[in-house]
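The values are calculated or read from the model by the stated rules, or taken from the named source; none is laboratory data. Since this is a predicted model, take the numbers as computed values, not measurements. Cβ: placed from backbone, ideal geometry, glycine included. Neighbour counts: every protein chain shown. In case anyone asks, the SASA skips ligands and DNA or RNA and just uses the protein heavy atoms, side chains included. Shrake-Rupley method; radii C 1.70, N 1.55, O 1.52, S 1.80 Å.
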Amino acid sequence: MKVIAEISRWAIPMLLLIIPLMAYLRKVPVYEAFVTGAEEGFKTGVRILPFLIGMLVAIKVFVDSGALEIVVRLLLPLFTRFGLDPDLTAIIPLAVMRPLSGSGALGVATQLINQYGPDSFIGRLASTLQGSTDTTFFVLTVYFGSVGISKYRYALKLGLLADFVGLVASVWIVSRVF
Amino acid sequence: MVNLIWLLMLISGICVAAVTGRIEAVTTSALKAAELGVEVAIELIGVMSLWLGLMKLAEEAGLIRVIARIFSPFIRLLFPSIKAESPALGAIILNLSANILGLGNAATPFGLKAMQELQKENPQPEVASPAMITFLALNTSCITLIPATVIGVRLKANSLNPTEIIGTTIFATGCAMTVAIIVDFLIRSRRKA
């Protein structure tokens, strides 16, 4: 694990060193090439702005109003009917929030970790879940939006299926390992 | 589908706020979220310019072509519709590598770049191409080696072993990614048949 952590600590400085150096050795006008590439960053940022705002507004209204909580409460009996441990229900708000909003999910996860303790079952499960699924809905809308695609076909279903598998796998592995 | 979900989130949020007598929360949330969107985009512009600048350097130095050639047998299996010399390959590989290493802010610029390249090869510019869907499925379910943010939160909460969830995270993301690849493959081959 130490090795992996070291790699991630050194990755960016090394890339910043090696890429310009290699380019220079290959006679690329390094500064000019960098600036040409960087210009695209601005255009892309402006292009995704409306999609970011549209999604963030809807998600924040949905979450802050308490509508998300109601959805979670409606889901509860469903989970217990499938014979799931009632302890697990603490994780549902995180599971519902995760595909929607990165900062929102991090907030819920942080609260769970602090409330139950980082080394409790719920704390470990919340940590694993937060680290292992992505803000699928958000990523899809912004990525597709940035290139002007309006018909997603089966992309959303596939992404949410992967999230669900991540959830089930997290519950299974955390209850087995610890 | 997105239109419907977007509308449902707004309607249900406003209705719940109205019923619980906190309708003003909608106003603050909506305005705050709009501001936040600009903040996120501006931050992203900075990071994105940095990474796309570096990527341009790597491209002109021929590094991207070398990396793409090394990984292309594996990547081409997942993306049969992409041509061998496609510039999308390099961006896809960079995006997945950044995701695996947990470099979230480097992943986005490469991801958006990959989408632009894939869009150039898309015969129907309004409809998601199979390669795009495969890419996004991989992107959102990708194996994570270092969940750095969560480790930070656990550290602050005085965990005895903040990094003990690395193994479970790798397992869970591995499962999600495997299922995403298999299901995507099945959907694609069924649609072709």
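Within straight-line reach of B:K83, meaning a Cα separation under 20 Å, sit the following lysines at least 8 residues removed in sequence or on another chain: B:K113, B:K120, B:K192. Coupling constants for region B:111-121 follow from the phi torsions by the Karplus curve (6.51 cos²θ - 1.76 cosθ + 1.60, θ = phi - 60°), and in residue order they are x, 5, 4, 4, 4, 4, 5, 5, 5, 5, 9 Hz; glycine and proline get x. Both numbers refer to the Cα atoms of chain B; Rg and Dmax are 20.2, 61 Å. Once a ≥ b ≥ c are taken as the square roots of the eigenvalues of the Cα gyration tensor of chain A, is the result rounded (a/c under 1.5), prolate (a/b larger than b/c) or oblate (a/b not larger than b/c)? Since a/c reaches 1.5 but b/c is at least a/b, the shape of chain A is classed as oblate.
Partner aspartates and glutamates whose Cα lies under 13 Å from the Cα of A:K157, excluding those fewer than 8 positions away in the same chain, are identified as B:D184. On the beta carbon distance between B:F71 and A:L160, with R0 = 41 Å, the FRET formula returns roughly 0.90.
Neighbours of A:G159, meaning other residues whose beta-carbon lies under 11 angstrom from its beta-carbon, give a summed charge of -2 when Lys and Arg score +1 and Asp and Glu score -1. Applying D = kT/(6 pi eta Rh) to region B:1-72, where Rh is the Kirkwood radius over alpha-carbon pairs, T corresponds to 10 °C and eta to 1.306 mPa s, the Stokes-Einstein value obtained is 98 µm²/s.
Per the Debye calculation on the protein assembly as shown with a single equal scatterer at every Cα and no solvent contribution, log₁₀ I(q)/I(0) for q = 0.10, 0.12 Å⁻¹ amounts to -0.66, -0.96. For B:P130, neighbours were defined as the other residues whose beta-carbon sits under 13 Å from its Cβ, and their charges (Lys and Arg +1, Asp and Glu -1) total +4.
Ranking B:V16, A:V3, B:V66 by solvent-accessible area of protein heavy atoms (1.4 Å probe, all protein chains present), from largest to smallest, gives A:V3, B:V66, B:V16. Working from Cα positions, state the angle (0 to 90°, nearest 10) between the long axis of helix A:136-146 and the longest principal axis of chain A. Roughly 30 degrees, rounded to the nearest 10. A 1.4 Å probe run over chain A, with the rest of the protein chains in place, finds 50 Å² accessible per residue.
Put simply, the Cα atoms of region A:50-151 extend 44, 27, 23 Å along their principal axes, the longest span coming first.
With the biggest extent put first, the Cα atoms of region B:73-177 measure 53, 23, 23 Å across the principal axes.
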